[in-house]
Amino acid sequence: MIKKLSFPTLFWKIMKTSLQQIICWLLCSGLAMAHHVSGQEILTKPISLEVESSSLKSILSLIEDQAKIHFVYSTSNIDVNQTVSLKVTNTKLESVLNDLLKPLSISYGVVGNRIMLKSDRKNTKSSSLSEPDPSLKTTGRLVNGTVMDEKKSGLSGVNVLLKGTRSGTTTDKNGKFSINIDNDNSVLVFSFVGYGTQEVPVGNRDDIEVFLAEDNKNLTEVLVVGYGTQKKINQTGAIDVIKGDALINRPTTTLSQTMQGKTSGVNFSAGSYGFEPGAALGIQIRGQGAPLVLIDNVVGSLNGLNPNDVESISVLKDAAASAIYGARAPYGVVLITTKSGSNSNKINIEFSASTTSITPYRMPHLADSYTTALALNEAAANTKVPAIYTNATIERILAYQKDPINTPETVPSAANAALWANLYESNANYDWFNVYYGKGNRNQQNIALSGGSKTFNFYLSAGRQYDGGVLQVATDNYKRYNTIAKFEANLTNWLKLSSNSRYYTTARQVPAYDNQGNYDLLFHQVARTFPSQYMKSPNGVYSIQSKIPWTNNAGNETTRINDFVQRFALELTPLKNWTVNADFTYQLTASEFTSNNFTVYEDAVNGTPIVSGSTAPAYVAKAQNLYLYTTLNAFTTYKFDIADKHHVSVLGGYQQEKSKTAYLYAKRNNLVSSEVPSIRTSTGPVDAIDSLAPYGTQGFFSRLTYNFKERYLFEFNSRYDGTYKFAQGKRWGFFPSLSAGWNMSEERFWSPIANAINNFKVRGSWGQLGNQLTAAAYQDIPLIGTSSNLAYIINGVRPSYTTPPNLINPDITWETVTTSNLGIDIGLLRNRLQLTTEVYRRKTTDQLGPSQALPAVLGATIPQSNNMETATNGWEFNLTWNDRIGKDFSYSITGMMFDYLTKITKYNNPTKLLTNPYAGKTQGEIWGLVSEGLIRTQEQADLINRNGTQKTISGQVWNTGDMQYGDLNADGVINYGNNTVDNPGDRKIIGNNTPRYQFGLTLAAKWKGFDFSMFWQGSAKRDLDLSGNFLYGFSTTVQGSIFPDHLDYYRDSDATKYAGLGKNMDAYFPRPYLNADMNNKNQLIQTRYLQNGAYARLKNIQLGYTVPASVLEKIKLRQVYVYLSGENLITLTKLPPHFDPETANVGVRGNGKSYFSQQALTMGINLKF
């Protein structure tokens, strides 16, 4: 019968043994078990020796030479000078060691190619201590020691800390140290980057030997992959992992913003509205399409998730990694694992809160009204039209700038004295960007409750996020609430049940604006508002042309989303190493859109209200979208070993998903009262429309993984998918992938360099994925369309009617994405330096493209065909360095860079028209003219006009200060040729707008309770062919935006009080006009105004402090962490200061016309109870 010992008794039994015995026992038993396979191989090596009366040390050395192994032992515990004899011939090492060591009471354990020895003899001093001695006294004595690695080499720079204090030291170049201790109960903590941390009780010893084992946690780290997990050392696909700790405490509102720059090969881009409140960034993995986002293995919204709930994010980038998901994952997969409960028998409570002050970053500014008047009058003179600002108006502008308090912003109009003077007739002086945008606030609060026992665990959380934006004249905000409830129960040792409930609700409110446009119009209107435009009339009423009534009073649009996900999962373990998994998920997403549009007014001189015509009639529009999604997964996994060397895992499963979307929209004019905006309180006819959209796929999948002693790795995945989108016979596709890896550092020949290069793995993959996402539903069925209000009146009415059925192509089928990937993973210098590099090629065949051209008289849209191909080539590089200096300071450097380019390799464009894609085109390429500078002399201008050199591109008269273009084909005329690749005229490829050499760099450091981090992100190369008034300033009279940077334009006339800014012959911008055609000839895509979009941005910087545990004990807290954080504090770029490198080419109504980036300063606190 085995006697069970209580914990105190067991503890003091262990204390009887020496320190060296404890360490050796741990290494020999624990680590030997972890390396059982390689240990068994070592012990079978044959040994032949004949030695008489020699020291044990000499015999061990001879065995080391023959078996190519290393013995590790403590000379204070094992007498290696004792005399022994050995005579063996071709005997297994295991038998040799048993015969040699057992009589000496020495046991052993195998760790890799090392054999750890320990003495089984009891220490007589310690054995006499049956119980702890309460009489131990404070000694204040000095303890010496040596810290060595498993090869008995001294380790320099090891941190030695007296536990419970801040007293410590480091080892010298030979691994030696000396430290003062308080008493014999003192415990020393030994830590060193790349090695496991050890705590060693001192006892009554004056000299200590400590052996540190290499820490291979980076290699044994478990990654989340499709339908399972995998040790990093066995990874063969292209997978990046972002830890949840890297995503918290950032002053951002959505997870996509937080992820930006954290993983290589993933491109993030702002949407049409820029960095609006709650902005969701677009994501592309390796340059093609949006990835599949799975949250706890369920399709979900990346930006509806609370970053504080994220445990880790795995980004599956190649076909080998993502093929298991088949039809849903042609562009890669983002796997998000949320936090779960623990089996610690404790309840953990965490709370965090932060408040953030935000201000617009790189926001434009208007020139003052007097400068603007002079510039516009000069442009008017160039256009040969009357001055925009009269002399009288300019005098009033000067008077207002001198005394704005006593000078009215406007006067009755000279054209109509009943109305106030607007636009360039009024005399105010506003920088409307400063009026509309200013400081804003964000804040968030999160709470989580978790815990559990051996049979049950749970995780509950709730979060609130608010972003008030920076718009000052209207409500423009974003709110989100999140909850998660996860439960897991081990009902038996073979049955596990889990439930995962997730809910979020968001509300986005924006100004409705007027009937000329929506939210996007706001950014356009602010930029084109004259600085001289009055804000309020002398009657105190806002002017329409200030755009404030449209922005603040013309109504609002609110989009609400409620998303609920419920997942139930079952895991059976019928036999050892065999698991059966099944899960079912139900998702309901309800979206509601409400647009309340009110009529607004300004005043006449006599105070009479005047309707703004673009806001009449008032109306209400509503839309509701209901999305119901269900999915079922069932799969089984069996793992087995062959001869303890061959490790095999087999997985097979089935997956199906169905969804239905129901959409309803209604609008009704003539709203009776803005106090109760609704369809019912409107009196006009109801305009309504609805739609239904089903979706469904089925798939069978399998995976086979094999590794030989974690040295040779192989994996095969397959997916057989079907979709409803294609015709019968085209619906199913088979898509396989395979990958292999070689852990070279596990080979015997690697031993001589193992200390320097600890890990070296080469891996490669090939695979195919099917894509049905680009195909339209029912495109194989000739559908008859219906519509109302025929253009002709029949019998006094405009009847409803049908349209002819569409042409179909029943042969449309799957696009196929084929990816090849080669990767290398390297660990250097005790794995402190980690390097990963990838090169890949991604080829997409059978893409949907245009069918063969047919006669125009056909009168119908030609269906697409599977006749397009593209290829993407790219590379990725990741670097991580972790180290420690002294006992308190540690730091890390993490960097990544990646690049890719996509080419069209096949496209049905036989003439290679430049206006369409063509075979050989690099996506993002920019065709333009070559600028030779501004026309400097009248003689040059006359020659161009006389010879008609540039007449083809513009029939306008060419003047000094206009652009002169290069005649690349030397035909004496600047033209576009046939607009083909073979004959582009005088155009050529002048750049590419694809972001190149994107990078991220994170620097982090910790010192005592303080921590600091800095995160840079950017792109080293990008060309931007920007256009519009944000770039050039001048357009037509009412569409210009004159910023200070725009004033560097060509001028050859002296300034007067009422026009012009003085001569500027060496200007950057051309001569300005107030006519679109006259400006356009100078604003063509060309080399002179091609912008350098490269940048580096200090995305985040953070300083935090963790309150010492000794302080927290008094207030019953486990952890208190406070921090300050800054976002977008520095940007290095050559772009004009009013362009942000992340949004320069963004804007529905022109480049740069979107929500600005914001600088953010945050204070936050995290509490753990």
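Only the Cβ atoms of Lys and Arg (+1) and of Asp and Glu (-1) were treated as charged; on that basis the dipole of the stretch 357-514 about its Cα centre amounts to roughly 1300 debye.
Our summary gives the stretch 138-215 a relative contact order of 37 percent, counting only alpha carbon pairs under 8 angstrom and 6 or more residues apart. With a ≥ b ≥ c taken as the square roots of the eigenvalues of the C-alpha gyration tensor of the stretch 218-345, please select rounded if a/c is under 1.5 and otherwise prolate if a/b is larger than b/c or oblate if it is not? Oblate. If a/c stays under 1.5 just call it rounded; otherwise compare a/b with b/c (prolate if a/b is bigger, oblate if not). Do that for the stretch 358-407, with a ≥ b ≥ c from the square roots of the Cα gyration tensor eigenvalues. Cα axes put the stretch 358-407 in the oblate bin.
Take the Cα of Ile447, go 7 Å toward its beta carbon, and the backbone nitrogen atoms of the stretch 338-353 under 17 Å from that spot belong to 347-353. Take every Cα pair under 8 Å whose residues are at least 6 apart in sequence, average their separation, divide by the length of the stretch 514-565, and the relative contact order is 28 percent. Once the dipole of the chain is set up with Lys and Arg at +1 and Asp and Glu at -1 on Cβ about the Cα centre, which of His646, Val51, Gly540 lies farthest towards its positive end? Checked the options; the winner is Val51. Straight-line reach from Lys496: taking Cα to Cα under 20 Å and skipping same-chain neighbours fewer than 8 places apart, the aspartates and glutamates in range are Asp296, Glu488, Glu571, Asp583. For the stretch 652-711, the list of GluC sites (Glu not before Pro) that fall in a loop by DSSP and count at most 16 other C-beta atoms within 10 angstrom reads Glu675.
Extension gain for the segment Leu497 to Thr683, taken as residue separation times 0.36 nm less the Cα-Cα distance, is 61.4 nm to one decimal. Here Lys163 is the anchor, and the lysines within straight C-alpha reach of less than 24 Å, apart from those fewer than 8 places off in the same chain, are Lys13, Lys16, Lys137, Lys173, Lys176, Lys217, Lys887, Lys1006, Lys1008, Lys1114, Lys1116, Lys1168. Sparsely packed loop sites in the stretch 724-802 (the chymotrypsin sites (Phe, Trp or Tyr not before Pro) outside DSSP H, G, I, E and B with at most 16 other Cβ atoms within 10 Å) comprise Tyr724, Tyr778, Tyr792. Spatial offset of the stretch 745-794 relative to the stretch 232-248 amounts to 19 Å, using the alpha carbon center of each.
Taking a straight Cα-Cα cut-off under 22 Å and skipping sequence neighbours fewer than 8 places away in the same chain, the lysines within cross-link reach of Lys843 are Lys317, Lys730, Lys903, Lys906, Lys912, Lys921.
The charge dipole of the stretch 986-1131, taken about its Cα centre with unit charges on the Cβ of Lys, Arg, Asp and Glu (plus for the first two, minus for the last two), comes to roughly 620 debye. Secondary-structure-derived ellipticity at 222 nm for the chain, considering helices only, amounts to -3000 deg cm²/dmol, per-run term -39500 (n - 2.57) for DSSP H runs with n ≥ 4. Counting neighbouring beta carbons within 10 Å and listing from fewest to most, the residues His647, His365, His1138 come out as His365, His647, His1138. If you average the sequence gap of Cα pairs under 8 Å that are 6 or more apart and divide by the length of the chain, what percent do you get for the contact order? 9 percent. Restricting the trypsin sites (Lys or Arg not before Pro) of the stretch 651-700 to loop positions (DSSP other than H, G, I, E, B) with no more than 13 neighbouring Cβ atoms within 10 Å leaves Arg680.
Does the chain come out rounded, prolate or oblate, given a ≥ b ≥ c as the square roots of the eigenvalues of its C-alpha gyration tensor, rounded meaning a/c under 1.5 and, failing that, prolate meaning a/b above b/c? It comes out prolate by the Cα gyration axes. Remark: Asp1011, Asp207 ranked as Asp207, Asp1011, counting other beta-carbon atoms within 10 Å and listing the fewest first. This ranking places Met1163, Met897 by how few other beta-carbon atoms lie within 10 Å of each, fewest first, which gives Met1163, Met897.
For the pair Val611 and Ala643, the difference between a 0.36 nm per residue extended length and the Cα-Cα distance amounts to 2.7 nm.
Extension gain for the segment Thr455 to Thr91, taken as residue separation times 0.36 nm less the Cα-Cα distance, is 126.2 nm to one decimal.
Read-outs throughout are calculated quantities, based only on the coordinates presented, and are distinct from any laboratory measurement. Keep in mind the model is a prediction, meaning the values are calculated, not measured. Glycine also receives a Cβ, built like all others from the backbone with ideal geometry; neighbour counts cover every protein chain displayed.
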